[in-house]
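Below is one structure, written out as structure tokens; the observations come after it.
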Amino acid sequence: MKVFACGKVNECNMYLNNSEIKEKSIKISYDELYNSLKFVNPKNGNLIYIIEKLEVILCDNDNKLEVLIGEENYEAENDDLNISCSFTKNFDDCIEIKNFCVVKSNRKEIFKEQRIFVLPGGCIILNFDSKVKSLEVNIVWHEETIHQ
């Protein structure tokens with residue numbers, strides 16, 4: 001497995017070589033409906049992503065959400081965290097770590113009591129029960145270099 005979860009340590013920052021916190025807020029809207037949002041650490045990358053916070057706001061309707069972790073055979077020319085939307089039905093090779101309902105227009109924090117470590121080749125998938133056309137995501141993370 002290329003993704004691991006651990007509890008937050010007394011809400012204190014753990015020691016990290018690169019203490020810079022990165023944050024990205026994006027609004028995703030497509031003409032076509034999709035049911036999953038995937039965060040992928042490229043398998044040829046040199047970074048471990050440590051996800052501190054992941055929030056979702058649905059713009060369409062209330063929806064049921066499954067949070068899955070797995071592996072992805074994705075290569076990139078850089079180490080950037082890849083975020084993509086798709087309509088996918090098969091998540092057989094993934095492990096569900098959470099599920100809950102998300103209310104339209106309400107901010108839902110996914111990993112409230114956890115840090116998620118995504119190794120190269122790992123992915124986090126947000127799989128919605130009903131198709132989605134528009135949502136907002138806020139993600140906060142650290143990046144740690146594996147070797148130099």
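Values computed for the structure shown
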{"quantity": "Residue 60 vs. criteria in contact with a Leu (Cβ under 8 Å, 6 or more places away or on another chain), part of a loop (DSSP other than H, G, I, E, B) and of a type in the set (Asp, Glu)", "calculated": "yes"}
{"quantity": "Search result, residues across the range 24-80 that are open to solvent by less than 70 Å² (accessible area, probe 1.4 Å), of a type in the set (Ser, Thr, Tyr) and more than 12 Å from residue 132 (Cα to Cα)", "calculated": "49"}
{"quantity": "Selection from the range 81-91 of residues that are closer than 19 Å to residue 1 by Cβ and open to solvent by 60 Å² or more (accessible area, probe 1.4 Å)", "calculated": "90"}
{"quantity": "Failed condition for residue 130, given (1) in contact with a strand residue (DSSP E or B) (Cβ under 6 Å, 6 or more places away or on another chain); (2) part of a loop (DSSP other than H, G, I, E, B); (3) among the small types (Gly, Ala, Ser)", "calculated": "(2)"}
{"quantity": "Where a residue in the range 50-70 is touching a residue at least 40 places away in the same chain (Cβ under 8 Å) and polar (S, T, N, Q) and its partner, wherever it lies, is surrounded by fewer than 19 Cβ atoms within 10 Å (Cβ to Cβ) and part of a strand (DSSP E or B), with Cβ under 8 Å and at least six apart", "calculated": "61/130; 63/101; 63/129; 63/130"}
{"quantity": "Positions within the range 92-109 being free of Cβ contacts under 8 Å to residues at least 40 places away in the same chain, within 18 Å of residue 40 (Cβ to Cβ) and surrounded by fewer than 17 Cβ atoms within 10 Å (Cβ to Cβ), in sequence order", "calculated": "92, 93, 96"}
{"quantity": "Residue among 77, 144, 113 that alone is closer than 16 Å to residue 23 by Cα and either more than 14 Å from the chain's Cα centre (by Cα) or of a type in the set (Gly, Ala, Ser) (or both)", "calculated": "144"}
{"quantity": "Condition check for residue 19: modelled with pLDDT under 85, farther than 16 Å from residue 111 by Cα, out of contact with any Gly (no Cβ under 8 Å at 6 or more places or on another chain) and open to solvent by less than 60 Å² (accessible area, probe 1.4 Å)", "calculated": "no"}
{"quantity": "Residue within the range 96-106 that is modelled with pLDDT under 85, not in a strand (DSSP E or B) and not β-branched (Val, Ile, Thr) present", "calculated": "no"}
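The values are calculated or read from the model by the stated rules, or taken from the named source; none is laboratory data. Worth saying up front: this structure is predicted, and the values here are computed from it rather than measured. Positions of Cβ are backbone-derived with ideal geometry, glycine not excepted, and every protein chain shown enters the neighbour counts. Surface areas here come from the heavy atoms of the whole protein model, side chains and all, with no ligands, DNA or RNA. Shrake-Rupley method; radii C 1.70, N 1.55, O 1.52, S 1.80 Å.
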